[in-house]
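Participant: Provided herewith is a single structure, encoded as structure tokens, for subsequent inquiry.
The values are calculated or read from the model by the stated rules, or taken from the named source; none is laboratory data. Source: prediction; values computed, not measured. For neighbour counting, all protein chains shown are included, and Cβ atoms are generated from backbone atoms with ideal geometry for every residue, glycine included.
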């Protein structure tokens, strides 16, 4: 039992690493994608839109396989599996975050920009002090949905052989001829997501002082 | 020398000519009201002068600085630095206030002074409290805009504009989003500003108010100035049929 829990704790650590690194890169990268999606340059706008369509229109599991194996078949280069997982997750999640950001940015009334301009705020000041705080409040609920999905999606990393929580649970289960480790893994995911949703609740409450 | 001079101003939105040939001046300490039907281009004038829109032709000069000019048919706009300097001399009060919802009343008034005028926090706060007192909102300093009535929000937005010490203040239908009771509240604030010789340009549908406070009135229709003169001339004794017809609606 302790042996099993120790193994699973190790798997959990890998899952958390995937989770954290994906967020670390895709939250800012998604913003750049959103900017591209809203670009007035038709070429940029169309290309970014195509990228988003592909990321949202195909299974993440397939994207994982593609990102890991395509360089090998095309250029005969292979690379670290864990890196491939992060790359695929970041590409996929950035597309979703970009659309959430876009919705948030477009929900801010034009008057906020106009008031900022007339008062003499610079463009960066307007964005970081006036627009962004309002966007964050606006998108927090949809962001929490996506982040919770990410916790569960980390289980897909096993597709290309990365030993995250669910893979460890499955191998332990078959070694012990018992489904118990699978259900224990379920509890692990549930606890992680409980923490994530509590964190978002806290954030929403913090920002509820204005409408 | 006029504090604001506008000559032959033209503005098109695509093929729509919103301003056709607008010329007028405002002297220091004067109050100018711009009246006329919706869509006549009143707000667009304010938006050109406060740099929210770029005109297509003509000249705008504010406090002897040229924002845009047209020489031999070619239109030139001031460089960033000059445009910014001019922008600091003008303030604009919007129809729907446009307060920053995530800032308290106090911060709405303090932040522009700190970020734009580079005042210290203490100084900005002192000015903000003085302005709130002047607006009768002394106790609302820590409230958020969503907790205020429309009239109170508009008074905060006037205080926010005044905090930057503009040379002239523009009002774009400042009472159109308010009920009659709250309208009175805002009009009396503007009246008291007029008595301090603040230079103001007010776009309004409040005829009685315009007549009372204005040194000069412009009646616009379809992108042109149909009449301009003293409030007596334009509001009480309009000469053109168009102005007579428009003002008749306000007679009762």
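Participant: Has the stretch A:55-62 got any residue that is loosely packed, with under 13 Cβ neighbours inside 10 Å, modelled with pLDDT of 95 or more and assigned to a loop (DSSP other than H, G, I, E, B)?
Facilitator: The answer is yes; a qualifying residue exists.
Participant: With the stretch B:1-63 as the region, which strands (runs of 3 or more DSSP E) entirely inside it contain at least 2 residues that are under 22 Å from residue B:191 (Cα atoms)? Please lay out each step first, then the result.
Facilitator: Numbers: elements: B:4-13, B:16-26, B:31-35, B:57-62.
Result: B:16-26, B:31-35.
Participant: On to the next question. Can you work out which of the residues in the stretch B:83-92 that are over 21 Å from residue B:8 (Cα atoms) and more than 9 Å from chain A (Cβ to nearest Cβ) is farthest from the chain's Cα centre (by Cα)?
Facilitator: B:85
Participant: Same structure again: Out of curiosity, is residue A:68 touching a helix residue (DSSP H, G or I) at 6+ places or on another chain (Cβ under 8 Å) and not in a helix (DSSP H, G or I)?
Facilitator: Details: touching a helix residue (DSSP H, G or I) at 6+ places or on another chain (Cβ under 8 Å): yes; not in a helix (DSSP H, G or I): no.
In short, no.
Participant: Looking at the stretch B:155-199, which of its residues are over 13 Å from the mean Cα position of the chain (by Cα), modelled with pLDDT of 95 or more and closer than 30 Å to residue A:208 by Cβ?
Facilitator: B:155, B:156, B:159, B:160, B:163
Participant: Here is a further query. Would it be correct to say that residue B:109 is at pLDDT 95 or above, within 11 Å of chain A (Cβ to nearest Cβ) and either surrounded by fewer than 23 Cβ atoms within 10 Å (Cβ to Cβ) or in a helix (DSSP H, G or I) (or both)? Full working, then the answer.
Facilitator: Values: at pLDDT 95 or above: yes; within 11 Å of chain A (Cβ to nearest Cβ): yes; either surrounded by fewer than 23 Cβ atoms within 10 Å (Cβ to Cβ) or in a helix (DSSP H, G or I) (or both): yes.
Here the answer is yes, as residue B:109 does meet what is asked.
Participant: For the stretch B:113-127, does any single residue satisfy the condition of being facing chain A (nearest Cβ under 10 Å), without any contact (Cβ under 8 Å) to a residue 60 or more places away in the chain and within 20 Å of residue A:108 (Cα to Cα)?
Facilitator: The answer is no, given that none of the residues of the stretch B:113-127 is facing chain A (nearest Cβ under 10 Å), without any contact (Cβ under 8 Å) to a residue 60 or more places away in the chain and within 20 Å of residue A:108 (Cα to Cα).
Participant: Out of all the residues in the stretch A:114-137, which are closer than 20 Å to residue B:113 by Cα, more than 9 Å from chain B (Cβ to nearest Cβ) and touching a helix residue (DSSP H, G or I) at 6+ places or on another chain (Cβ under 7 Å)?
Facilitator: Answer for the stretch A:114-137, where residues must be closer than 20 Å to residue B:113 by Cα, more than 9 Å from chain B (Cβ to nearest Cβ) and touching a helix residue (DSSP H, G or I) at 6+ places or on another chain (Cβ under 7 Å): A:126, A:131.
Participant: Further question: All but one of (1) more than 24 Å from residue A:210 (Cα to Cα); (2) more than 19 Å from the chain's Cα centre (by Cα); (3) assigned to a helix (DSSP H, G or I) hold for residue B:146; which doesn't?
Facilitator: The number of the failed condition is (1).
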